[in-house]
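**Q** To start, I am sharing the structure in question, which I have written as structure tokens.
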Amino acid sequence: MAQNNPTWHGPFSLENDVVNRELDLYLKQKNVKDPLIGAYVYGEKDLNQKISPVYIGRSDSDLRQEIKSRHTTDRKFKSCTHFWYCVLDSEEEAYAVESKYYHMGYKLNDKHPKKPDNNDTVKCPVPGCEYHE
């Protein structure tokens, strides 16, 4: 699962039963077990009902729980109706994907992603970023 071109799944409705269904299907198809490491995107519908990405996040330990809990615990995600996700091999890879998409300017991301816990050596993959050095 290469970080330069992750396989995104979605968009799906941002409801707990849909999150569970889609991730259960992924686990069954890939014959892997929870918890998963990965990145996710929240989207919202515009006036024309087009779904646009507005937030990029990641989970270093439990992708399912992160997707389900983040939008219910922070009011800024109130308008989010859909999600995409990608499963990745490591915390470092998830950080790289989140950082790359953060630099695309998602409107609900207000600060650069934090590095994975206990890993000060990982760098942002975007040249020119202060975290790339």
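**Q** Select from the stretch 3-62 the residues that are within 14 Å of the chain's Cα centre (by Cα) and charged (D, E, K, R) and write down the one among them that is farthest from residue 105 (Cα to Cα).
**A** The qualifying residue farthest from residue 105 (Cα to Cα) is 62.
**Q** Within the bounds of the stretch 65-82, is there any residue that is surrounded by fewer than 14 Cβ atoms within 10 Å (Cβ to Cβ) and β-branched (Val, Ile, Thr)?
**A** yes
**Q** Could you tell me whether the stretch 8-18 includes any residue that is at pLDDT 95 or above, under 28 Å from residue 119 (Cα atoms) and part of a loop (DSSP other than H, G, I, E, B)?
**A** Looking for residues that are at pLDDT 95 or above, under 28 Å from residue 119 (Cα atoms) and part of a loop (DSSP other than H, G, I, E, B), one finds at least one in the stretch 8-18, hence yes.
The values are calculated or read from the model by the stated rules, or taken from the named source; none is laboratory data. Quick caveat, the model's predicted, so the values are computed rather than measured. All Cβ positions, glycine included, derive from the backbone under ideal geometry; neighbour counts span all protein chains shown.
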